[in-house]
Amino acid sequence: MSSKKAAATRLNILQKAFELVYQNGYRTTSVDEIIATTQVTKGAFFYHFKNKDEMGLAMINEVMQPGMRKSLIEALPSNGNPTEEIYNMMESLLLKDPFFIIKYGCPAINMVEEMASYNEAFNKALSQLVIQWEEAITTTLEKGKTIGKINPDTNPKEVAQYIISGYGGIRNLGKIHGKPSYINYLSQFKKYLNTLK
């Protein structure tokens, strides 16, 4: 197998596995289901990954991290209005991002809930993603404090953690109540952000 073909096969396995895991959960998705969906042989799967957990970690690092980075971190441009930037990021995540399907929630939040306490390696990989997002929000708020757009008494790290926990909660509520819960959340989220000014 050429290295180019091997890389394409590996990426195909990871992308299809991501789709299955996003819809069904990690522990419920079997290697056999992944193989059937990707139409590769069992030998090809195990050529690329020693086991399902190795594939799962690769999926987090090579599929989820880049996609989530774009949606969570790069979505915070520095335009000088931190509350607007954070609101726009959240609105885009909840209502505009084609990467997310309301009835399935957020792939990262789902994986954190399912795997963080179950597998230490998964915990570390998922933790990196959450930490990067927390740092991006914290930095945005710190810049806002510096330019007088955020109340000087605001603790940016605490606010970032509050925002992330609210996001995780509304993603789960959205699985039950659908898009209307996102609309309600965004209305209250905007009011909350205005208290930071």
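The values are calculated or read from the model by the stated rules, or taken from the named source; none is laboratory data. Predicted model only: the values in this text are computed from it and were never measured. Here the Cβ positions follow ideal geometry from the backbone for every residue, glycine too, while neighbour counts run over all protein chains shown.
Tabulated values for the structure
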read-out	value
Among the candidates 92, 78, residue that is farther than 17 Å from residue 112 by Cβ, in contact (Cβ under 8 Å) with a residue 12 or more places away in the chain and outside any loop (DSSP other than H, G, I, E, B)	92
Boolean, residue 64 is assigned to a helix (DSSP H, G or I), touching a residue at least 24 places away in the same chain (Cβ under 8 Å), over 17 Å from residue 128 (Cβ atoms) and not small (Gly, Ala, Ser)	no
Checklist (1) closer than 20 Å to residue 61 by Cα; (2) assigned to a helix (DSSP H, G or I); (3) at pLDDT 95 or above applied to residue 26, failing item	(2)
Residue match in region 133-149 (condition: part of a helix (DSSP H, G or I) and closer than 23 Å to residue 101 by Cα)	yes
Residue 158 being crowded, with 17+ Cβ neighbours inside 10 Å, acidic (Asp, Glu), more than 17 Å from residue 172 (Cβ to Cβ) and out of contact with any strand residue (DSSP E or B) (no Cβ under 8 Å at 6 or more places or on another chain)	no
Count of residues meeting criterion [assigned to a loop (DSSP other than H, G, I, E, B) and in contact (Cβ under 8 Å) with a residue 60 or more places away in the chain] in region 101-117	1
Residue check, residue 17 under 20 Å from the mean Cα position of the chain (by Cα) and either buried (at least 20 other Cβ atoms within 10 Å of the Cβ) or not β-branched (Val, Ile, Thr) (or both)	yes
Matching residues in region 151-181 - criterion: being closer than 19 Å to residue 103 by Cα and part of a loop (DSSP other than H, G, I, E, B)	178
Pair list, Cβ under 7 Å, 6 or more apart: region 161-189 residue touching a residue at least 60 places away in the same chain (Cβ under 8 Å) and on the phi < 0 side of the Ramachandran plot, other residue outside any helix (DSSP H, G or I) and surrounded by 13 or more Cβ atoms within 10 Å (Cβ to Cβ)	171/105; 171/106; 172/105; 174/105; 175/105
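Results for (1) within 20 Å of residue 128 (Cβ to Cβ); (2) surrounded by fewer than 18 Cβ atoms within 10 Å (Cβ to Cβ), shown as yes or no for each residue.
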{"site": "25", "(1), (2)": "no, yes"}
{"site": "30", "(1), (2)": "no, yes"}
{"site": "34", "(1), (2)": "no, no"}
{"site": "37", "(1), (2)": "no, yes"}
{"site": "40", "(1), (2)": "no, no"}
{"site": "47", "(1), (2)": "no, yes"}
{"site": "50", "(1), (2)": "no, yes"}
{"site": "53", "(1), (2)": "yes, yes"}
{"site": "59", "(1), (2)": "yes, no"}
